[in-house]
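Structure first, then comments.
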Amino acid sequence: MAGNAFGTLFRFTTFGESHGPAIGCVVDGVPPGIPLSEADLQPFLDKRRPGQSRHTTQRREPDLARILSGVYQGRTTGTPIGILIDNADQRSKDYSDIAESFRPGHADFAYHAKYGLRDPRGGGRASARETAMRVAAGAVARKVLDALVPGGVAIRGAMVAMGDRAVDRARWNWAEVDANDFFCPDAETAALWAADLDAIRKSGSSIGAVVEVVAEGVPAGLGEPVYDKLDADIAKALMSINAVKGVEIGEGFGAARLRGEENADEIVPDGAGGARFLSNRAGGILGGISSGQPVVARMAVKPTSSILIPRRSIDTRGEAVDVLTKGRHDPCVGIRAVPVAEAMLACVLADHLLRHRGQCGGFSAR
């Protein structure tokens, strides 16, 4: 099965299934001498961990990470870093009624068409459970960025829309993101989302969302022209997250409605021999290379496919069936996708940072 690894120089490979004994990853390419411990991973895993509010799946997983290799006396050795998380709260019996049926919207049909068999327990390898290891790898990537970028890189994510209701950007407050169950920067909208999602969950349905992730302090010059552009790799990283169906950088699709003079980010002297941009419609990336401005990306997350409303499908014999999915599922998977998006952006930036160092050495002026 190809496609289990991501990155070029900073590269991680994940393994494991939703209802297997454990999930894990191997992170390679980390320079030696960087301080790293399990305590550096846990805060980010705790953000993604299920069962923390009524608005997410009630599966109870402590998600305690163990570092198995690549660290000695609190510092990276330059060798592969192995990380393992035990699965502790599987309920495989929840899937016994649909083991031979294809859940609409899920990967069941496509996996069976490709491999001729599949693990029906929680979606197996296609489960969002795998994203815990992306978050662990992202925590390692953050340590690389902190060690190698003067002043560090701050990566923050937020949910900015749920269904038809979006945040009011005039009320944007990053401090609110950690103060509610939605990673929402707008307290008033978060309260409305809570009521909306309670009604959606009680109806047995689900809802989609938009997640925005921002990286500040990114040096100018990261990214490889043409095929390995920074924004192309960010798009791939975010599109690889479960349930993501669209990605935009900066103004994104909104740029198609603008005139050239509106979309171009004007540049003026900063008074210190450098440059200052008057806007950031490009999302911090020009020609596939970082400009030194904040890198801004958004991703659209579809409604969770596991719902209690019967949907038409077929079984493995090709016969018509009605499918409803019992068990514990997120009514809005976009909520817990926020720390995953942060992690994937961190991995891309760490990878391109190491690639830039290998070819060019230092950084351009920010």
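The values are calculated or read from the model by the stated rules, or taken from the named source; none is laboratory data. These numbers come from a predicted model, not from an experiment. In this analysis, Cβ positions are derived from the backbone assuming ideal geometry, glycine residues included, and neighbour counts consider all displayed protein chains. Keep in mind that these areas ignore ligands, DNA and RNA; they rest on the heavy atoms of the full protein, side chains included. Shrake-Rupley method; radii C 1.70, N 1.55, O 1.52, S 1.80 Å.
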Yes or no: VAL177 out of contact with any strand residue (DSSP E or B) (no Cβ under 6 Å at 6 or more places or on another chain), at pLDDT 90 or above, of a type in the set (A, V, I, L, M) and more than 24 Å from GLY24 (Cα to Cα)? no
Being at pLDDT below 95 and hydrophobic (A, V, I, L, M, F, W, C): is that true of ALA256 here? no
Take ALA282 and tell me if it is buried (at least 24 other Cβ atoms within 10 Å of the Cβ) and either at pLDDT below 95 or of a type in the set (A, V, I, L, M) (or both). no
Could you please let me know if ALA136 is within 28 Å of PHE15 (Cβ to Cβ), part of a helix (DSSP H, G or I), open to solvent by less than 50 Å² (accessible area, probe 1.4 Å) and at pLDDT 95 or above? yes
Please find, among GLY254, GLY208, the residue that is farther than 28 Å from HIS356 by Cα and surrounded by 13 or more Cβ atoms within 10 Å (Cβ to Cβ). GLY208
Of the residues in region 145-171, how many are surrounded by 12 or more Cβ atoms within 10 Å (Cβ to Cβ) and within 25 Å of PRO219 (Cα to Cα)? 12
Taking the condition open to solvent by 40 Å² or more (accessible area, probe 1.4 Å), more than 25 Å from PHE6 (Cβ to Cβ) and among the charged types (D, E, K, R), does GLU248 pass? no
Looking at VAL323, VAL301 in this structure, which one is modelled with pLDDT under 95 and crowded, with 17+ Cβ neighbours inside 10 Å? VAL323
In region 103-112, what residues are within 20 Å of LYS302 (Cβ to Cβ) and open to solvent by 40 Å² or more (accessible area, probe 1.4 Å)? PRO104, GLY105, HIS106, PHE109, ALA110, TYR111
What residue, of GLY152, GLY138, is closer than 26 Å to ALA65 by Cα and either touching a Phe, Trp or Tyr at 6+ places or on another chain (Cβ under 8 Å) or hydrophobic (A, V, I, L, M, F, W, C) (or both)? GLY138
The strands (runs of 3 or more DSSP E) lying entirely within region 1-96 that contain at least 1 residues which are modelled with pLDDT under 95 are 11-16, 22-28, 81-86
Got at least one residue in region 337-353 being in contact with a helix residue (DSSP H, G or I) (Cβ under 7 Å, 6 or more places away or on another chain), surrounded by 18 or more Cβ atoms within 10 Å (Cβ to Cβ), of a type in the set (A, V, I, L, M, F, W, C) and at pLDDT below 95? no
What is the residue count in region 274-292 for residues that are out of contact with any Pro (no Cβ under 9 Å at 6 or more places or on another chain) and either in contact (Cβ under 8 Å) with a residue 40 or more places away in the chain or part of a helix (DSSP H, G or I) (or both)? 3
Let me spell it out: the conditions are (1) surrounded by 16 or more Cβ atoms within 10 Å (Cβ to Cβ); (2) of a type in the set (Phe, Trp, Tyr); (3) over 21 Å from the mean Cα position of the chain (by Cα), and PHE182 meets all of them except one. Which number is the exception? (3)
In region 191-230, what count of residues is obtained for those that are of a type in the set (D, E, K, R) and within 23 Å of ALA147 (Cα to Cα)? 2
